[in-house]
């Protein structure tokens, strides 16, 4: 595709300085070994639309890219003719502090936006791993969230309007720029988590929140995951409202301690992390209620020899590390799984995944966003090679299926992805997903083959 005529056409659309066929740049933009032919960096919405329309007409495959922090997510693309980068679309377009809303271009980083909002005592309450570097368009496309989704929700809960470039180059709006919206089919929610397969987000409007006046966290050490899971169940059925509630096993704790020393004993088998935010008096009251729950029913011998709970009032560093932990746990040759189960089965699922690791002679590290029922589990250390890792991943998926959960392979060597399948078996709603893909992108231009069922 990277013939002189095509390059000249793209240069006419976006400017010659923003079209690259440099071999080093293309090699660094490869996705699971699939190397693009050209990288295009449009400077506004119309250039995005024009580039898409041309590529769609030429029958080319387009891979949208923000900061590139989540390009490994998904199946290997069938083709990657053109990388369409949104890095030049990086402006905060509208911000109304009184309305608690803002509109940004898709290439704006979360860190940049939080800096603007923080001057007015507000924030966008999203905390994915490596959050500051993520672009808002990338966060919407992947639907990524962090440990504070329990209190503040996911990108789907914060988006109220989008401007989208469709595969054929049409630009349209979905939703509104106000928090209240009309009833009907919610296109912005449909685009969140679709991995850029239905359209490319060029602008997004979010509903914001005031920054809490006080934050406090606590780390609670337990002798086993079962006891930790029992506390989580008690918290979720109580009047307590933590914004984050996590369980770490011993393998997950060690990388956290490299960044935040002294949070818990090095040899802890299970640690519960909880965070409260809001009015200082309410935060203190909830903390005290949690501590009363946490100390009840624990083996007295364990309590005598361990500091059960540690309060952490200055906790920003802790939660940045906790959010990053899934990425920190992933080393070369590792397999990172994202598991979803009902919250009451989180500890049971973590134990099942430990059993899988043990039976395959692998190390495992885990952090569960326990209140949401999400577990990030990373397996590594297979001297037998990638086939052995694939067997472990398949065993893990089978174990989670018996618990009524689902498993996504978030990061893994290509051979593991190919053998195991990133998304797992398709569900009953796959026919609807395929129909939507056919309606929004009938030629299969956008991210072909990367999403569920190869759409």
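Loosely packed, with under 15 Cβ neighbours inside 10 Å, modelled with pLDDT of 95 or more and farther than 16 Å from residue 366 by Cβ, is that true of residue 285?
yes
Against the definition (touching a residue at least 24 places away in the same chain (Cβ under 8 Å) and not assigned by TED's automatic domain parsing to the domain that holds residue 370), how does residue 257 come out, yes or no?
It is false that residue 257 is touching a residue at least 24 places away in the same chain (Cβ under 8 Å) and not assigned by TED's automatic domain parsing to the domain that holds residue 370.
Mind counting the residues in region 7-34 that are surrounded by 13 or more Cβ atoms within 10 Å (Cβ to Cβ) and in a loop (DSSP other than H, G, I, E, B)?
Counting residues in region 7-34 that are surrounded by 13 or more Cβ atoms within 10 Å (Cβ to Cβ) and in a loop (DSSP other than H, G, I, E, B) gives 5.
Please identify the pairs in which a residue from region 300-319 that is within 13 Å of residue 222 (Cβ to Cβ) and assigned by TED's automatic domain parsing to the domain that holds residue 228 has its Cβ atom under 6 Å from the Cβ atom of a residue that is assigned to a loop (DSSP other than H, G, I, E, B) and at pLDDT 65 or above, counting only partners at least 6 apart or on another chain.
Final answer for the pair search is 302/223.
For region 37-89, enumerate the residues that are closer than 23 Å to residue 330 by Cβ and out of contact with any strand residue (DSSP E or B) (no Cβ under 7 Å at 6 or more places or on another chain).
68, 69, 70, 74, 75
Within region 101-115, how many residues turn out to be buried (at least 16 other Cβ atoms within 10 Å of the Cβ), more than 15 Å from the chain's Cα centre (by Cα) and over 25 Å from residue 38 (Cβ atoms)?
Qualifying residue count for the region: 7.
Restricting the search to region 24-42, which residues are touching a helix residue (DSSP H, G or I) at 6+ places or on another chain (Cβ under 9 Å) and under 20 Å from residue 141 (Cβ atoms)?
Within region 24-42, 32, 36, 39, 40, 41, 42 qualify.
Is it true that residue 142 is farther than 22 Å from residue 213 by Cα, touching a strand residue (DSSP E or B) at 6+ places or on another chain (Cβ under 8 Å) and modelled with pLDDT of 95 or more?
Spelling it out, it is not the case that residue 142 is farther than 22 Å from residue 213 by Cα, touching a strand residue (DSSP E or B) at 6+ places or on another chain (Cβ under 8 Å) and modelled with pLDDT of 95 or more.
Condition check ((1) touching a helix residue (DSSP H, G or I) at 6+ places or on another chain (Cβ under 7 Å); (2) crowded, with 22+ Cβ neighbours inside 10 Å; (3) on the phi > 0 side of the Ramachandran plot) across all residues:
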| residue | (1), (2), (3) |
| --- | --- |
| 317 | no, no, no |
| 321 | yes, no, no |
| 328 | yes, no, no |
| 339 | yes, yes, no |
| 361 | no, no, yes |
| 366 | yes, yes, no |
| 387 | no, no, no |
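Would you confirm, using the coordinates I've provided, whether residue 188 is over 23 Å from residue 281 (Cα atoms), at pLDDT below 95 and either out of contact with any strand residue (DSSP E or B) (no Cβ under 9 Å at 6 or more places or on another chain) or surrounded by 20 or more Cβ atoms within 10 Å (Cβ to Cβ) (or both)? Before the answer, list the steps.
Details: over 23 Å from residue 281 (Cα atoms): yes; at pLDDT below 95: yes; either out of contact with any strand residue (DSSP E or B) (no Cβ under 9 Å at 6 or more places or on another chain) or surrounded by 20 or more Cβ atoms within 10 Å (Cβ to Cβ) (or both): yes.
Yes: the conditions hold for residue 188.
Kindly indicate whether residue 132 is at pLDDT 95 or above and either in a helix (DSSP H, G or I) or touching a strand residue (DSSP E or B) at 6+ places or on another chain (Cβ under 7 Å) (or both). Lay out the reasoning, then the answer.
Working: at pLDDT 95 or above: no; either in a helix (DSSP H, G or I) or touching a strand residue (DSSP E or B) at 6+ places or on another chain (Cβ under 7 Å) (or both): yes.
It is false that residue 132 is at pLDDT 95 or above and either in a helix (DSSP H, G or I) or touching a strand residue (DSSP E or B) at 6+ places or on another chain (Cβ under 7 Å) (or both).
Filter region 333-357 for residues that are part of a loop (DSSP other than H, G, I, E, B) and more than 12 Å from residue 400 (Cβ to Cβ) and give the result. First the steps, then the outcome.
Here is the first cut: in region 333-357, the residues part of a loop (DSSP other than H, G, I, E, B) are 333-334, 341-342.
Result: 333, 334.
Suppose the filter is modelled with pLDDT of 95 or more and over 19 Å from residue 254 (Cβ atoms); does residue 340 pass it?
Working: modelled with pLDDT of 95 or more: yes; over 19 Å from residue 254 (Cβ atoms): yes.
Spelling it out, residue 340 is indeed modelled with pLDDT of 95 or more and over 19 Å from residue 254 (Cβ atoms).
Go through region 97-111 and give me each residue that's touching a strand residue (DSSP E or B) at 6+ places or on another chain (Cβ under 8 Å) and either under 13 Å from residue 207 (Cβ atoms) or not in a helix (DSSP H, G or I) (or both).
97, 100, 101, 102, 103, 104, 105, 106, 107, 108, 109
Would you be able to tell me the number of residues in region 28-41 that are modelled with pLDDT under 95 and farther than 21 Å from residue 418 by Cβ?
Count: 1.
Among the listed residues 67, 55, 80, identify the single one that is touching a helix residue (DSSP H, G or I) at 6+ places or on another chain (Cβ under 8 Å) and under 21 Å from residue 31 (Cα atoms).
67
The values are calculated or read from the model by the stated rules, or taken from the named source; none is laboratory data. Just so it is clear, the structure is predicted and the values come from calculations on it, not from any experiment. Cβ: placed from backbone, ideal geometry, glycine included. Neighbour counts: every protein chain shown.
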